Amino acid sequence: MQDRYFSFEFFPPKTAEGTEKLRNTRAQLAPLKPKYISVTFGAGGTTQQGTLDAVLEIQREGIEAAPHLSCVGSSRESIRAILQQYRDGGIRHIVALRGDMPSGMGEIGEFRYANELVEFIRAETGDWFNIEVAAYPEYHPQAKSPRHDLDNFVRKVKAGADSAITQYFYNADAYFRFVDDVRAQGVDVPIVPGIMPITNYSQLMRFSEMCGAEVPRWVAKRLESFGDDRESIRAFGLDVVTALCERLLAAGVPGLHFYTLNAAGATKAIWQRLKL
Ligand SMILES: Cc1cc2nc3c(=O)[nH]c(=O)nc-3n(C[C@H](O)[C@H](O)[C@H](O)COP(=O)(O)OP(=O)(O)OC[C@H]3O[C@@H](n4cnc5c(N)ncnc54)[C@H](O)[C@@H]3O)c2cc1C
């Protein structure tokens, strides 16, 4: 268990109330001693200042912070400026992504795919940053084919990534197979499962539809049957996600990355059940 690492993901709050809520969530999760906390970034730079503010505050609290950085819609110049701000703030860990263009924002910018961003970060900053990239055990929704997606992932890692965090999934076999396929390409970076706690049926189904994560039919059916009974949804969700984490940990995953959605409760409950 010693060298497994655990990390938490937040999104940058948009209001003073959200900032306070996030501080409270961090205070509850800090005793779990995460290796780092990552903070998402809106594609097209929509949350740029919020991401910067949040990571600097996290670093000041003595926890390693990793900003996400998406490149779609950006110029080299603007990415260079953001990287410099992070370096000035003593940030040494980054999650490099393509991102998705928000609808209505037209320009693709100077980067097309995440591998180009990884290459750029390495060329500009050498070994300063520990670079994470995204992985998709159930394949990226826009991928031409599973094979193509795998090749793209491998290319992205070879561009200079140190490790990867997966999209969330509830089918452990998809993850194991993905890791085997990556290893067969001679790529051995850690691939940390992204874990999405289940607390809200309609939100989960909406997210999953968008990002291409499959909610197994039996899980969806059970969740749906609980209707507005949030307690039953939480209790069942806790069982499902804890069992998934147990299976992953037993198989020797390098760590777990929790998508907290800025709330401490569900992540803490899973943690306690896992007796970590
Ligand atoms: C851990 C994690 C964190 C995330 N955080 C954020 C965030 O903070 N902000 C945000 O906006 N989004 C975030 N996302 C969502 C992510 O931005 C989207 O899934 C996006 O659609 C793809 O980003 P990527 O970096 O995986 O893209 P890429 O790796 O560039 O892949 C995108 C698609 O293009 C294909 N592709 C890749 N390279 C090439 C190539 N050279 N030629 C042709 N095709 C190629 C791939 O197969 C895939 O289908 C996150 C996702 C994950 C899993």
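Per-structure values
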quantity	calculated
Residues located in segment 252-270, provided they are part of a loop (DSSP other than H, G, I, E, B) and not small (G, A, S)	V253, P254, T260, L261, N262
Lone unmet requirement of (1) surrounded by fewer than 16 Cβ atoms within 10 Å (Cβ to Cβ); (2) aliphatic (A, V, I, L, M); (3) under 26 Å from L256 (Cβ atoms) for I108	(3)
Positions within segment 112-135 being surrounded by fewer than 23 Cβ atoms within 10 Å (Cβ to Cβ) and near the ligand (Cβ under 9 Å from one of its atoms), in sequence order	R112, Y113, N115, E116, A134
Filter result for the condition that a residue is closer than 28 Å to M205 by Cβ, modelled with pLDDT of 95 or more, within 12 Å of the ligand (Cβ to nearest atom) and crowded, with 16+ Cβ neighbours inside 10 Å, over A143, A161	A143
Which numbered condition A66 fails, given (1) under 30 Å from G252 (Cα atoms); (2) without any contact (Cβ under 8 Å) to a residue 60 or more places away in the chain; (3) in contact with a helix residue (DSSP H, G or I) (Cβ under 8 Å, 6 or more places away or on another chain)	(2)
Matching residues, segment 205-221, being over 21 Å from F10 (Cβ atoms) and either part of a loop (DSSP other than H, G, I, E, B) or β-branched (V, I, T) (or both)	G212, E214, V215, P216, V219
Residue list for segment 176-214, filter: of a type in the set (S, T, Y) and exposed (fewer than 15 other Cβ atoms within 10 Å of the Cβ)	S202
Segment 83-103 - residue that is away from the ligand (no atom under 15 Å from the Cβ) and more than 15 Å from G160 (Cβ to Cβ) and, of those, surrounded by the fewest Cβ atoms within 10 Å (Cβ to Cβ)	D88
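The values are calculated or read from the model by the stated rules, or taken from the named source; none is laboratory data. Everything numeric in this text was worked out from a predicted model, so none of it was measured. Backbone-built Cβ (ideal geometry, glycine too); neighbour counts: all protein chains shown.
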